[in-house]
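Okay, so here's the structure we're looking at.
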Amino acid sequence: MGRMAAVGTVGALAGLGTLGQGLIAPALASSKSQGASQKAEADLSPPPQKSSHVLMDRPTDWSDATTYNNFYEFGTQKSDPVRHAPGRLKLRPWTLTVDGLVGKPKTYSVDDLFQLATLEERVYRMRCVEGWSMVIPWAGYSLSHLISRAQPLGSAKYVEFTTLNDAQMMPGLSSRVLEWPYREGLRMDEAMHSLTLLTLGMYGKPLPAQNGGPVRFVVPWKYGFKSAKSIVRIRLTETQPVCSWHLSAPHEYGFYSNVNPSVAHRRWSQATERRIGEDSLFAARRPTLPFNGYAEAVESLYRGMDLRRNF
Ligand code: MTE
């Protein structure tokens, strides 16, 4: 979202061109070959179970899904995450703490998370607020399994997600493009919705670093930036959490950020999208679907709300 970032952050972004280039180490292999080498990663064992959450859309190629990424902790260009995250972002040991307004706070290792529930394969659409989309077979389980274990208190109304904040591993943290750590938030009922996926894998393999390994979450009916990567903390709160993009440009990136073709971003329409992998000159942009195609499952969460105001 860098070049598209808010007018209010233009000052901070002015040096990004050079900054982004400065982050690229010259000796690194090309992004495609690094993405492809990740393919050698062992398959998840046992393999994730097929679930009913399967789309008829053709999944995006692995080579696109792992080389065209937004992960600003590694730079603002789409090719930065695959250049800088694999190897540098240490995926083990890794812990994820669930705390805040809960009866049973706990810190989990990644192995604990793999054991906590049966991994399902879910093929979800992913729609970035920038106007492109992919179709990704994720592996994980409903985030509600993890949150329920913590025994949420009645006062818990929201869930805050925090990404790792480690300048040694994440060269992009030296940029002021966002206030670090990357933080996102959901309302409690959104976090507990069965579609919200605690995600540990994709394409039958453990989640690669550039896609938010070893653990992220995915909310398929919201713009992609809500789905924070490489998370270390899930905190239940009474008040609406501060979210990084909302903080940087509240008029452009709302707290809800449900995919909505009829509410334009301040600087571009959200009515259509470009499906990554279908980029020929003749490929038509696709119409964007309300709630990214998940309206039937989730629109009741927003009954009575003005979705133009609560964008
Ligand atoms: N999470 C962190 N920690 N940092 C980021 O920059 N970018 C978001 C989201 N999660 C981002 C993040 C955006 S804008 C998108 S579109 C998706 O991750 C991209 O996920 P993908 O690269 O796995 O497709």
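3J(HN,Hα) couplings calculated from phi for segment 123-138 with the Karplus curve 6.51 cos²θ - 1.76 cosθ + 1.60 (θ = phi - 60°) are, in sequence order, 8, 10, 6, 10, 10, 7, 4, 6, x, 10, 9, 9, 10, 10, x, 7 Hz; Gly and Pro show x.
Can you tell me the FRET efficiency between Leu153 and Asp111 if r is taken as the Cβ-Cβ distance and R0 is 30 Å, rounded to the nearest 0.05? The computed FRET efficiency comes out at 0.60. Taking the Cβ-Cβ separation of Arg176 and Ala284 as r and a Förster radius of 22 Å, what is the calculated FRET efficiency to the nearest 0.05? Taking R0 as 22 Å, the efficiency between Arg176 and Ala284 is 0.05. Here each label is just a point 7 Å from Cα along the line to Cβ, and for Leu55 and Ser144 those points are 2.2 nm apart.
Between the listed residues Val135, Val177, Ile234, the Cα displaced farthest toward the positive end of the dipole of segment 38-302, a dipole computed from Cβ unit charges relative to the Cα centre, is found at Val177. Within segment 38-302, DSSP assigns beta bridges of which about 85% are antiparallel (rounded to the nearest 5).
Rg of the Cα atoms in segment 111-214, relative to 2.2 N^0.38 Å, amounts to 1.18.
Distance between the pseudo-spin-label points of Arg308 and Ala295 (7 Å out from Cα toward the beta carbon): 1.7 nm. Of the two radii for the chain, the radius of gyration is 0.93 times the Kirkwood radius, both from the alpha carbons; that is the Rg over Rh value.
Between Thr97 and Ser45, the simple spin-label model (points 7 angstrom out along Cα→Cβ) gives 3.4 nm. Each distinct pair of alpha carbons in segment 166-233 adds a 1/r term; the inverse of their mean, the Kirkwood radius, is 13.1 Å.
If packing is taken as the mean number of other Cβ atoms within 10 Å per residue, what is the order of 46-59, 224-237, highest first?
Those peptides, ordered most packed to least, come out 224-237, 46-59.
Only the coordinates and a few stated rules stand behind these numbers; no lab work does. All values derive from a computational prediction rather than experimental measurement. All Cβ positions, glycine included, derive from the backbone under ideal geometry; neighbour counts span all protein chains shown.
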